[in-house]
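Below is one structure, written out as structure tokens, with a few remarks after it.
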Amino acid sequence: MDLNSIPLMAALKKRMHWLHSNQSVLSQNVANADTPGYKAQELEKQDFSGLVDDLSGGGSNQRTPSTIKMQATSAGHMAAGGSMADAPDPQELKGGEESPTGNSVVLEEEMIKVADNQMQYSMVVNLYKKNMGLLKIALGKGRGGA
């Protein structure tokens, strides 16, 4: 059984992937907090309800795409732009304060974002575990099953 055929499981997997990518962007911001001229980056917010709609067939992404993208056969393969396949692209953080050296990273804000990202990732992992437990029970392989 392919867990990606279950829309909720596929949505949770995509959310974990986005949160992992977000953690990478946040850690780059923290690592470059003292680098002159470095501009803080952020990922575009993920619309979870739209993600579930797309995966369940109710969204508009089910139509023929207007552009053709290169396809990687593994998540570890490099994409055409040099980033990991299926990884969201970070964008420059707008509206932040800038130091005299041109650095726009506010370390306190980044650390709050890191903590929030960690809490969200833990929540998604717990939801994934709970759903796996429910599937095991339904298949008779969990608590008291054969």
Note to self: Please go through segment 106-146 and give me each residue that is basic (Lys, Arg) and either modelled with pLDDT of 90 or more or under 24 Å from the mean Cα position of the chain (by Cα) (or both), ordered by number.
What the structure shows: Lys113, Lys129, Lys130, Lys136
Margin query: Looking at segment 74-95 only, could you name the residues that are more than 15 Å from Leu43 (Cα to Cα) and at pLDDT 80 or above?
Written below: none
Note to self: Restricting to segment 30-46, count the residues that are in contact (Cβ under 8 Å) with a residue 40 or more places away in the chain and either among the acidic types (Asp, Glu) or not in a loop (DSSP other than H, G, I, E, B) (or both).
What the structure shows: 5
Check: Quick check: is even one residue across segment 96-105 loosely packed, with under 11 Cβ neighbours inside 10 Å, in a loop (DSSP other than H, G, I, E, B) and modelled with pLDDT under 85?
Finding: yes
Checklist line | Sole exception among (1) of a type outside the set (S, T, N, Q); (2) assigned to a helix (DSSP H, G or I); (3) over 12 Å from the mean Cα position of the chain (by Cα); (4) modelled with pLDDT of 90 or more for Met9, by number | finding: (4)
Item checked: Among the residues listed as Lys45, Lys39, the single one being in contact with a strand residue (DSSP E or B) (Cβ under 6 Å, 6 or more places away or on another chain) and modelled with pLDDT of 65 or more -> Lys39
Note to self: Filter segment 94-135 down to the residues that are hydroxyl-bearing (Ser, Thr, Tyr), closer than 24 Å to His17 by Cα and touching a residue at least 60 places away in the same chain (Cβ under 8 Å) and list them by number.
What the structure shows: Tyr121, Tyr128
Next item on the list: State all residues of segment 1-36 that are acidic (Asp, Glu) and either buried (at least 18 other Cβ atoms within 10 Å of the Cβ) or farther than 30 Å from Glu97 by Cβ (or both); if no residue qualifies, say none.
Entry: Asp2
Checklist line | Identity of the residue in segment 111-126, under 13 Å from Val30 (Cβ atoms) and of a type in the set (Val, Ile, Thr), that ends up surrounded by the most Cβ atoms within 10 Å (Cβ to Cβ) | finding: Val114
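The values are calculated or read from the model by the stated rules, or taken from the named source; none is laboratory data. Given the structure is predicted, the values throughout are model-derived calculations rather than measurements. Neighbour counts are summed over all protein chains in view; Cβ atoms, including those assigned to glycine, are modelled from backbone coordinates with ideal geometry.
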